[in-house]
Structure formats: C-alpha cells, structure tokens
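A short write-up of the structure that comes next.
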Amino acid sequence: MSPALFRNVDGDAAMPAEVDVAIIGGGIIGASTALELAERGLRVALCEKGAIGGEQSSRNWGWVRRMGRDVAEVPLAMQARTLWQELRQRVGADTGYTESGILYVASNAREMANHEAWHAKTKHFGLESKLLSAAEVAALAPGAGRKFVGGLYTAQDGRAEPYAATAAIAEGARAKGAAILTNCAVRGVETQAGAVNGIVTERGTIKCGAALLASGAWTRLFAGNLGINFKQLHVRATVARIEHSGPAPEFAIGGTDFAFRRRQDGGYSVAVRNSNIVPLSIDNFQLMFDFLPNLRHSWRELQIRFGAHFFRNLAIPRHWNTDEITPFERTRINNDAPYGMLDQQALKNLIQAYPAFAGAKLTRGWSGVIDVTATALPVISAAPMPGLFIASGFSGHGFGIGPAAGRLAAELITGRRPSVDSSPFCYAW
Ligand SMILES: Cc1cc2nc3c(=O)[nH]c(=O)nc-3n(C[C@H](O)[C@H](O)[C@H](O)COP(=O)(O)OP(=O)(O)OC[C@H]3O[C@@H](n4cnc5c(N)ncnc54)[C@H](O)[C@@H]3O)c2cc1C
C-alpha cells in the first residue's frame with residue numbers, strides 16, 4: 001500500500017454556535033492562525049471541507065527555507081524559522097522540523113548570476129547563505145553526474161514533514177481551545193450592516209465577529225461568490241517518494257531540473273524542479289493581463305495545457321446560495337494523480353544529477369494544485385468587507401513561512417501591530 005500523505009486529525013463532534021474568529025480552510029495557514037488566536041485566548045473554529053492538511057500542505061516538498069525568497073518575504077521567513085524551532089514545544093508534537101541545510105546547485109552562468117544577485121540583495125538581513133564555487137559544491141555534495149558551476153548554500157535552512165506538521169499544529173490549537181471541524185465545508189458568510197457576523201457551513205451557521213479565508217486554491221472561487229475579485233491562478237506540480245538505501249546528503253539539493261530532500265520515514269521526496277503545469281481555465285483568460293508581467297520571469301518553468309480540465313472547470317458553478325451544495329463539498333480533497341510521467345521523470349533526472357540514486361525505487365507519486373498570485377507574493381490582508389481577512393496565494397512557498405503567516409494573520413485580525421512589515425502582503429482591492 002502506498003504511504004499516506006497526511007496524518008489524519010479527527011474533527012470535533014460538536015460545532016460551536018458562536019466564536020470570535022472562524023477560519024475557512026485547514027491547511028498550514030489556517031491551522032497556524034488558529035493556534036495563534038487560541039493562544040491569545042480567542043474562541044476559534046477551524047473549518048475544513050475535507051481533511052486537515054489534505055491539500056497543498058501535505059503534498060509539498062517540505063522545504064523550509066529563507067534562501068531564494070523574494071526580498072519582501074525574507075523577514076517573514078526569518079520569523080518562521082524561530083517559530084518552527086519553538087513549535088514542537090508549543091504544540092507538544094513533532095513537526096519533523098530540522099535545520100539540515102539546503103543547497104541550490106547552478107548548472108550554468110545564468111543560474112549562478114541569479115544566486116549572486118539574490119545574495120547581494122539580501123546581504124543586509126545577515127542570513128548565513130553562502131555562495132559556493134564549483135569545487136566547494138563538489139566537496140559538499142560529491143558524486144555528481146553533471147558539472148555544476150557553483151551554488152548557494154544555507155546550512156540553517158531545512159525541512160519539516162508535510163505528513164505531520166499541519167496535523168500537529170491543528171491539534172495544538174485544539175489543545176488550547178480551538179474547535180476543529182473536518183468534512184465541514186463553509187458555503188458563505190453572513191453579514192450585518194455589511195460586516196461579517198457569521199459563516200454558513202454545511203452543518204449550520206457559526207456566529208463570529210471575524211472570518212479568515214485561508215482556503216488555498218479555492219480562495220478565488222469562494223471570494224467570487226461574495227463579489228470579491230481575488231486574483232489567483234492554479235499551477236499543478238508533481239512529487240514522488242523514493243526508497244534509497246545508498247549514501248546521500250542529509251541536506252536537500254535543488255538543481256535546474258531536479259530536487260530532493262530526505263524524509264522522516266526513511267525515503268526521499270523528489271521532483272522535477274521548475275516544471276509546473278498550467279491547466280488552462282477561464283480564469284487564465286480573465287486574469288491574463290494581471291499575470292503577464294510575472295510570466296516574463298517564470299515562463300521557462302511553466303507548461304501550458306489545454307484539455308478536459310478546461311471544460312470540467314467551466315462546469316463549476318461560480319455562484320450559489322448557502323442552502324445549496326457547493327463545489328467545496330463536491331471535492332473534499334484535490335487529490336490528483338501525478339501529471340504525465342513527471343514522478344518517473346523526477347527520479348530519472350535525480351539519477352543523472354547524482355548517480356548514487358541509481359538503485360532507488362519509486363514508491364508513490366502525487367500532484368498538488370498550487371495557488372499563485374500575480375506577484376508570486378502571498379496575500380495576508382483585510383478583505384473589502386469589514387471583518388473578513390484573507391491569507392492565501394502562497395504561490396508554491398507557503399509551507400516554510402506558514403507559522404509566521406499564521407502569526408501575521410492573527411495580528412491583523414486582532415488589530416495588533418504586526419511583528420513583521422505586513423505591507424508587501426496587503427492586497428490593493
Ligand atoms: C507540489 C508542491 C510542492 C511545494 N513545495 C513547497 C516547499 O517545499 N516549501 C514551501 O514552503 N512550500 C511549498 N509548497 C507550497 C505550500 O504547500 C503551500 O503554499 C501551503 O501549503 C499553502 O497552505 P494553505 O493553508 O494556504 O493551503 P492548503 O494547504 O491548500 O489548505 C487550504 C485548505 O482549505 C480548504 N478549503 C478550501 N475551501 C474551503 C471551504 N469553502 N470550506 C472549508 N475548507 C475549505 C481545502 O480543503 C484545503 O485543505 C508546495 C506546494 C506544492 C503543491
């Protein structure tokens with residue numbers, strides 16, 4: 001049997017009639033926000049349409065890095081490092097967090113120039129990231145089957161376990177008083193004088209003073225039904241788990257077309273790096289001009305596909321009433337199979353890059369839908385409806401910053417002064 005992607009969290013049998021804050025979406029962002037709010041003594045309900053951590057938060061590579069991030073995101077990633085270090089103590093369970101290091105290898109001068117440019121731009125943060133020469137890369141990660149011209153290495157970046165982390169955080173939030181509701185899709189919000197005063201779930205209404213939309217790839221659809229145009233698109237990425245018993249570094253390595261990291265269960269998660277599928281939908285056409293400027297930098301990593309997905313997506317209702325079954329109940333977990341042969345390609349590319357993996361066996365492949373914004377920065381912001389907040393659009397790198405994003409969302413909801421600059425994540429409605 002292939003290994004499960006996430007540790008199951010049983011939902012509470014009882015649903016609270018009233019809370020201070022209702023959270024829509026039980027991924028790492030919703031769970032981290034619930035933990036922060038419960039620790040501040042607020043009454044919280046975390047509502048998840050399927051399973052806690054069942055979508056992106058369990059399907060990702062598990063890299064927790066400050067290295068290579070947009071400059072605007074580095075302070076949040078630095079705060080996240082501290083929070084990851086404290087999490088085990090706070091939630092009383094293992095998240096698999098370890099500072100085992102991350103190495104990016106450069107195959108050519110262009111890639112190396114990108115690493116150098118990032119290193120120069122982020123010097124003032126005092127990160128430990130180091131530029132490496134070709135000889136230093138060979139010494140750190142010997143046995144490469146390709147020539148690398150250099151690399152970027154951060155010994156204190158690392159990984160956490162997507163299988164366990166969100167479950168641990170959600171259960172930590174429950175231990176501090178949060179209600180955890182699974183298989184409980186939220187259909188809409190109720191308002192009074194234009195401000196949020198409740199959420200409507202498939203199990204009934206929960207009164208609340210504020211709601212957070214942390215719904216990952218579903219945020220645009222949910223917000224659209226409220227008349228809010230949240231500009232978000234989808235890309236699909238494939239990952240594989242392999243068994244490998246030979247020598248391999250403890251730290252994670254990413255190159256032009258491969259990536260791997262050691263897993264807590266003894267295997268490795270591997271992927272074809274920079275190979276994301278864009279399944280065209282009507283949203284791609286509607287938002288084309290918003291996303292074009294960023295596409296100039298990322299087009300090499302994207303493969304656009306038009307097919308049955310387009311028509312399936314077209315059939316999804318954009319508007320519904322809260323007494324109707326919604327698209328959220330129809331898809332409890334976005335559980336797509338690996339795209340094409342990308343799981344097998346991931347192993348092939350890895351073996352080319354590091355032939356020591358030649359005997360490795362692929363034990364499971366899966367894919368995940370990544371939610372992206374036009375700037376590739378997340379949105380952690382008040383929405384244009386009093387009492388409604390959004391933390392979404394993490395653009396393929398929200399797992400590592402999840403705990404800090406949850407803290408920032410909690411600070412915004414409670415009206416506290418943000419502990420990191422929130423302006424890069426504030427949405428211009
Ligand atoms: C293949 C892949 C590799 C990645 N690698 C990394 C990595 O190495 N490092 C990194 O930092 N990030 C990585 N990411 C990105 C990271 O996984 C995401 O940014 C992060 O998990 C987003 O968390 P989230 O809580 O916003 O979304 P999700 O985990 O998707 O959670 C949103 C939840 O909301 C629920 N929901 C939606 N609508 C409703 C509703 N109406 N009612 C109730 N519930 C609802 C969904 O069911 C879902 O569980 C990767 C992502 C993928 C897919």
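Close amide-amide hydrogen proximity is noted between ILE253 and LEU103, PHE260, each under 5 Å apart and 5 or more residues distant or on a separate chain (H modeled in the peptide plane; Pro and chain starts excluded). Since only HIS397, GLY198, GLY365 are under comparison, the one whose Cα sits farthest along the positive direction of the charge dipole of the chain, derived from C-beta charges on Lys, Arg, Asp and Glu, is GLY365. Here the translational diffusion coefficient of the chain follows from Stokes-Einstein with Rh set to the Kirkwood radius across Cα pairs; for 37 °C and 0.692 mPa s it amounts to 150 µm²/s.
Taking amide H atoms as placed 1.01 Å from N in the peptide plane, the amide H of ILE370 lies under 5 Å from those of VAL235, ARG236, ALA237, each 5 or more residues away in sequence or on another chain.
Kindly work out what percent of the DSSP beta bridges joining two residues of the chain are antiparallel, to the nearest 5.
Among the beta bridges of the chain, antiparallel pairing accounts for roughly 70 percent.
Rounded to whole numbers, the Karplus 3J(HN,Hα) couplings from phi for region 161-176 are 9, x, 4, 10, 5, 5, 4, 4, 5, 5, 5, x, 5, 5, 4, 9 Hz, using 6.51 cos²θ - 1.76 cosθ + 1.60 with θ = phi - 60°, and x at Gly and Pro. Applied to region 111-127, the Karplus parametrisation 6.51 cos²θ - 1.76 cosθ + 1.60 on θ = phi - 60° returns per-residue 3J(HN,Hα) values of 5, 5, 4, 4, 5, 5, 5, 5, 4, 5, 5, 10, 3, 5, 7, x, 5 Hz, with x for Gly and Pro.
Placing pseudo-labels 7 Å out from each Cα toward the beta carbon at GLU250 and ARG417 gives an inter-label distance of 4.0 nm. Spacing of the modelled spin labels on ALA155 and LYS348, each 7 Å from Cα toward Cβ, amounts to 3.8 nm.
For the chain, the dipole from Cβ point charges (+1 on Lys and Arg, -1 on Asp and Glu) about the Cα centre works out to 680 debye, to the nearest 20. Reported to the nearest whole Å, the Cα centre-to-centre distance from region 339-406 to region 9-49 is 23. On the basis of the beta-carbon distance and an R0 of 25 Å, GLU86 and SER133 show a calculated FRET efficiency of 0.10. Computing FRET efficiency as 1/(1 + (r/R0)^6) for ARG305 and ALA337, where r is the C-beta to C-beta distance and R0 is 25 Å, gives about 0.95. Put a dot 7 Å past the Cα of ALA120, heading toward its Cβ, do the same for ARG40, and the two dots end up 4.0 nm apart.
When each of ARG261, ARG110 is scored by the number of other beta-carbon atoms lying within 10 Å, the sequence from fewest to most is ARG110, ARG261. Have a look at GLN156, GLN56, GLN352 and tell me which one the Gaussian network model of the chain (Cα, springs below 10 Å) gives the largest fluctuation. Among GLN156, GLN56, GLN352, the largest mean-square fluctuation in the Gaussian network model of the chain belongs to GLN352.
Going from the residue with the fewest nearby Cβ atoms within 10 Å to the one with the most, TYR163, TYR153, TYR104 rank TYR163, TYR153, TYR104.
Add -39500 (n - 2.57) for each DSSP H run of 4 or more in the chain, then divide by its residues: what number comes out at 222 nm, to the nearest 500 deg cm²/dmol?
After summing the helix terms and dividing by residue count, I get -8500 deg cm²/dmol.
Principal-axis analysis of the Cα atoms of the chain puts helix 74-91 at an angle of about 70° to the longest axis.
Can you pull out the GluC sites (Glu not before Pro) in region 192-280 whose DSSP state is coil and whose Cβ has at most 15 other Cβ atoms within 10 Å? In loop regions of region 192-280 (DSSP not H, G, I, E or B), the sparsely surrounded GluC sites (Glu not before Pro) are GLU250.
Ranked by Cβ crowding within 10 angstrom, fewest neighbours first, how are SER281, SER269, SER423, SER57 ordered? Walk me through the intermediate numbers first.
Working: SER281 19, SER269 26, SER423 9, SER57 30.
By the 10 Å Cβ count, ascending: SER423, SER281, SER269, SER57.
3J(HN,Hα) along region 271-288: 7, 7, 6, 6, 9, 10, 9, 9, x, 4, 9, 4, 4, 4, 6, 5, 9, 3 Hz, from the Karplus curve 6.51 cos²θ - 1.76 cosθ + 1.60 with θ = phi - 60°, whole Hz, x for Gly and Pro.
Computed from the coordinates by the stated procedures, all read-outs in this text should not be read as laboratory data. The shown structure was predicted, so the numbers you read here are calculated from the model rather than taken from an experiment. Cβ atoms come from the backbone with ideal geometry, glycine included; neighbour counts cover every protein chain shown.
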